[in-house]
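To start, the structure itself, in structure tokens.
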Amino acid sequence: MKKQYISFIIAIAVALSLVFLSACNAAKNPSNGGGDSSSGTQKAEEGIYEHLKNAKDKIWYLTDEVSKDSYPLAVYVFNKGKVKGYTTFNRDEGKSFGDLAKMTDEEIIEYYEEQEGTFLKHIYDVTASNAEQFPNDSQYKELAEALQPYGDGKGQLPTADFQVKLVTNDTGEGVATEDIEIDFLDISKPDRNFGNFWNYTLKLKHVTSTSKVYNSTYNGFETEDDVQPLFITRSKSQFQLDTLKTKGIEVE
């Protein structure tokens, strides 16, 4: 039984460590019926610090490729100084960029909220079943109780804080990376109190080239992550890394 328990906890930890648990109260943002919410002309470059700080339901994606047949690996919605992240769950059965390019921002947020609810309900059902099967194992019971609010398939995970800061190079006079640090809620470990947060950092290296899928244009950054190197959003605006002269940003 101990072996089964350990295998189960590892499976839960792996699955839920990907469920980025953070923000976006989804005060839904009506964009057009798919395609860019910006005007038809290319806009001036925008610093990512100010962009994220002032964002309202702005969707960003982590991916390894932008094409009609490729899929995002994770989805972030920045809203009013908070962020919520979603995994793509069953990636190959989810929405490709070809699908997302034809959806409004509101439709995309609603889709991932529904997927999140379905996923959490499944995890709760499995956990509750194990708690019933092994009534003397308090850890199963504790985890089932922690997940119970999401058992109806409608529960939304809480918001999370994020921080943008510049990391300088060896000389201290230039920027090596611009980091986005996000605190994600961890519900994968029954031996810890529900509600603990763990830290995840996106390290932006430089601006990526503009990509287009149908009528949607994507701009953003390359990161230091070899698996999911692109951090992009649907926008005709190009972005830039901030500089040491950017007001209000933390410098490390």
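What follows draws every value from the coordinates through simple rules; no lab data is involved. Predicted model, so just to flag it, every value in this text is computed and none were measured. Reconstructed Cβ throughout: ideal geometry from the backbone, glycine too, with neighbour counts over all protein chains shown.
Data overview
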quantity	calculated
Förster-model FRET efficiency, 30 Å R0, Asn136 and Glu114, C-beta, rounded to 0.05	0.25
Cleavage-rule hits (chymotrypsin sites (Phe, Trp or Tyr not before Pro)) in segment 44-132: DSSP loop, at most 16 neighbouring Cβ within 10 angstrom	Phe89
Inter-part distance where segment 148-162 and segment 207-252 are each reduced to a Cα centre, Å	28 Å
Estimated FRET transfer efficiency when R0 is 25 angstrom, pair Ala176-Val126 (beta carbons, to 0.05)	0.05
Karplus (6.51, -1.76, 1.60) ³J(HN,Hα), θ = phi - 60°, over segment 200-207, in Hz, Gly and Pro reported as x	10, 10, 8, 10, 7, 9, 7, 5
Spin-label proximity, Glu65 to segment 197-237 - amide N less than 15 Å from point 7 Å beyond Cα toward beta carbon	212-213, 227-230
Filter on Lys141/Lys203; Lys68/Lys205; Lys53/Lys205 - keep pairs with C-alpha separation over 29 Å	Lys141/Lys203
Using θ = phi - 60° and Karplus 6.51 cos²θ - 1.76 cosθ + 1.60, couplings along segment 57-66 (whole Hz; Gly, Pro as x)	6, 9, 9, 10, 10, 9, 7, 9, 6, 10
Too-long pairs where the Cα-Cα distance tops 19 Å, listed order kept, from Lys58/Lys82; Lys165/Lys245; Lys82/Lys165; Lys165/Lys247; Lys56/Lys247; Lys80/Lys121	Lys56/Lys247; Lys80/Lys121
Difference of contour (0.36 nm per residue) and Cα-Cα distance, Asp225 to Glu252	7.7 nm
